[in-house]
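What follows is a short report on a single structure.
The values are calculated or read from the model by the stated rules, or taken from the named source; none is laboratory data. Treat the numbers as computed from the prediction; the structure is a model and nothing was measured. All Cβ positions, even for glycine, are placed from backbone atoms using ideal geometry, and neighbour counts span all protein chains on display. Protein only, heavy atoms only, side chains kept; ligands, DNA and RNA dropped before computing areas. Shrake-Rupley method; radii C 1.70, N 1.55, O 1.52, S 1.80 Å.
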Amino acid sequence: IWAVRNVEQVAWFAETWANLPWDDAALKESCFEVRVFVTTMSDRAIAIPVSQAEDGLVRMSSGRPSVSEHLEEMKSVFLKDARDGTVVRGVAVVACGPQSLMADVYDQARAAQTANCTFSLHRETFVL
């Protein structure tokens, strides 16, 4: 999950996304995907700077992400995969952003955690 203020900031990682092994079967079968939230949208159309976006691995939305909803979705997928024997560890959450967002991610990860699903959180804070 990646939140940016404007569409132009999405282009910052266009080269990174283009260099990911999108055709790799293991990547397509994994839970890996990029969700981009543009918090201040203009009237112009969203331009996704990667052709692989149509494959569903990169999804863009307007507005702010709901941290709790996304963590619950990750937990649901993890618990299903754990029952199937696909995974044996918890969910990794990597977050980078302003202190207020990092505090929200930390609080929501603690609240969503259960005995059957732990969240391992790595946080980096920046100041603009």
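Can you pull out the residues in the range 90-125 that are farther than 20 Å from Ala3 by Cα, touching a residue at least 12 places away in the same chain (Cβ under 8 Å) and open to solvent by 90 Å² or more (accessible area, probe 1.4 Å)?
Asn116
Name the residues in the range 73-95 that are at pLDDT 85 or above and either in a strand (DSSP E or B) or in contact with a Ser or Thr (Cβ under 9 Å, 6 or more places away or on another chain) (or both), would you?
Of everything in the range 73-95, those that are at pLDDT 85 or above and either in a strand (DSSP E or B) or in contact with a Ser or Thr (Cβ under 9 Å, 6 or more places away or on another chain) (or both) turn out to be Lys75, Leu79, Lys80, Gly90, Val91, Ala92, Val93, Val94, Ala95.
If we scan the range 51-61, do we find a residue that is at pLDDT 80 or above and in contact with a strand residue (DSSP E or B) (Cβ under 7 Å, 6 or more places away or on another chain)? If you could, list the steps in order and put the result at the bottom.
First, the residues of the range 51-61 that are at pLDDT 80 or above: 61.
Filter again for in contact with a strand residue (DSSP E or B) (Cβ under 7 Å, 6 or more places away or on another chain), leaving 61.
Checked the range 51-61: at least one residue is at pLDDT 80 or above and in contact with a strand residue (DSSP E or B) (Cβ under 7 Å, 6 or more places away or on another chain).
Any idea how many residues of the range 32-50 are at pLDDT 80 or above and either among the acidic types (Asp, Glu) or open to solvent by 50 Å² or more (accessible area, probe 1.4 Å) (or both)?
1
Being over 14 Å from the mean Cα position of the chain (by Cα) and hydrophobic (A, V, I, L, M, F, W, C) is the filter; apply it to the range 103-118 and report the residue that is farthest from Ser68 (Cα to Cα). Spell out how you get there, then give the answer.
Start the filter on the range 103-118 by keeping residues that are over 14 Å from the mean Cα position of the chain (by Cα), which leaves 103-104, 106-108, 110-118.
So of that shortlist, the ones also hydrophobic (A, V, I, L, M, F, W, C) come out as 103, 111-112, 115, 117.
Numbers: Ala103: 13, Ala111: 9, Ala112: 7, Ala115: 17, Cys117: 14 Å.
My answer is Ala115.
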